[in-house]
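Participant: Structure in structure tokens, see below.
The values are calculated or read from the model by the stated rules, or taken from the named source; none is laboratory data. Bear in mind that the values here come from a model prediction, so they are computed numbers and not experimental data. For neighbour counting, all protein chains shown are included, and Cβ atoms are generated from backbone atoms with ideal geometry for every residue, glycine included. For the accessible areas, the whole protein counts, side chains as well, though only heavy atoms, and no ligand, DNA or RNA atoms are used. Shrake-Rupley method; radii C 1.70, N 1.55, O 1.52, S 1.80 Å.
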Amino acid sequence: MQKIIAALALSGAAAYVAPVAPKATTALNSKAELEALAMSNTDALGQSMGFWDPLGLADGDFWGLGNEATIGYLRHAEIKHGRVAMAAFLGFIAGCTPLVSGEHKFLPYRGYVAGCTPQEQWANIPMIGKLQILTAVGMLESYGEILAPHYTKGGLPGYYPPIKGKRPELIFNLYDPFNFFEGDSAEKKARGRLTEVNNGRLAMLGIFSIISEATVPGSVPALKDMIPPYDGNVMIPFSGDFSIFS
């Protein structure tokens, strides 16, 4: 298990290296601004690829929203997926540690079994527990859509509004709950947004490399014999609880 943790930590190190600060940018409202953001990325990958859109999505018009709104939607979706991937990558590493996967005096959920992989732990959680997790995520997702302006209408993609005090149970903001970044300059915030995009992209590759190696051992040579195999299907989160096809 220690070998797995060390390998994951080293393989993910590159995903959390910040690039050189680019010029501060505003919300992305056009393809030209999207291209400018890509060209301002000064890390090795950004410099070698620049603006890369093989599917032509930056010229699209989803659901009749218009091109600029579509770009805002796609930018927001990428940032959100990157955040989930970063949480998943770090969560997998944490889930492999004895602190999380070992014995507990107070069981984290009914039916807990020590020594399982993160995928097995999810499968072991009772369905009601999984539904509670998804409900909490859904609530945060809905709060994140209460924006003025919305990211499809000129708002900043990736922005999550303050939620503290919106309901009695919301005593902290989801983003920056302790106001660590409140005094950051506009240029520093712009650099942070670009860094987040880079980290999110690498984290998406990282977590899918882990999933691929666990599903098909040997499919990711760099992780060969380091990730325990898993014969379940992580793409069907309730496979052990019910199936609409059975």
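Participant: For the stretch 187-227, which residues satisfy the criterion of being out of contact with any Pro (no Cβ under 7 Å at 6 or more places or on another chain) and farther than 22 Å from Val84 by Cα?
Facilitator: Glu187, Lys188, Val216, Gly218, Ser219, Pro221, Ala222, Lys224, Asp225, Met226
Participant: Is it fair to say Met139 is surrounded by 13 or more Cβ atoms within 10 Å (Cβ to Cβ) and at pLDDT below 95? Full working, then the answer.
Facilitator: Values: surrounded by 13 or more Cβ atoms within 10 Å (Cβ to Cβ): yes; at pLDDT below 95: yes.
Here the answer is yes, as Met139 does meet what is asked.
Participant: Give me the residue from the stretch 79-100 that is in contact with a Pro (Cβ under 8 Å, 6 or more places away or on another chain) and in a helix (DSSP H, G or I) and, out of that set, most open to solvent (accessible area, probe 1.4 Å).
Facilitator: First, pick out the residues of the stretch 79-100 that are in contact with a Pro (Cβ under 8 Å, 6 or more places away or on another chain): 79, 91-92, 95-96.
Remaining after also requiring in a helix (DSSP H, G or I): 79, 91-92, 95.
Values: Ile79: 16, Gly91: 38, Phe92: 17, Gly95: 11 Å².
Per the stated criteria, the residue is Gly91.
Participant: I've got another one for you. Suppose we filter Gly111, Gly158, Gly154 for residues that are within 28 Å of Asn198 (Cβ to Cβ), at pLDDT below 90 and either basic (Lys, Arg) or not in a helix (DSSP H, G or I) (or both); which single one remains? If you could, list the steps in order and put the result at the bottom.
Facilitator: Working: Gly111 fails: within 28 Å of Asn198 (Cβ to Cβ); Gly158 fails: at pLDDT below 90.
Residue meeting the stated conditions: Gly154.
Participant: Consider the stretch 193-217. How many of its residues are more than 16 Å from Ile93 (Cα to Cα) and open to solvent by 40 Å² or more (accessible area, probe 1.4 Å)?
Facilitator: Residues in the stretch 193-217 being more than 16 Å from Ile93 (Cα to Cα) and open to solvent by 40 Å² or more (accessible area, probe 1.4 Å): 6 in total.
Participant: Specify which of the listed residues (Glu187, Glu120) is part of a helix (DSSP H, G or I) and more than 29 Å from Cys96 (Cβ to Cβ).
Facilitator: Numbers: Glu120 fails: more than 29 Å from Cys96 (Cβ to Cβ).
That would be Glu187, the only listed residue that is part of a helix (DSSP H, G or I) and more than 29 Å from Cys96 (Cβ to Cβ).
Participant: Here are Ile171, Ile128, Ile146, Ile163: which of them is closer than 30 Å to Thr70 by Cβ, aliphatic (A, V, I, L, M) and open to solvent by 80 Å² or more (accessible area, probe 1.4 Å)?
Facilitator: Values: Ile171 fails: closer than 30 Å to Thr70 by Cβ; Ile128 fails: closer than 30 Å to Thr70 by Cβ; Ile163 fails: open to solvent by 80 Å² or more (accessible area, probe 1.4 Å).
After ruling out the rest, the residue left standing is Ile146.
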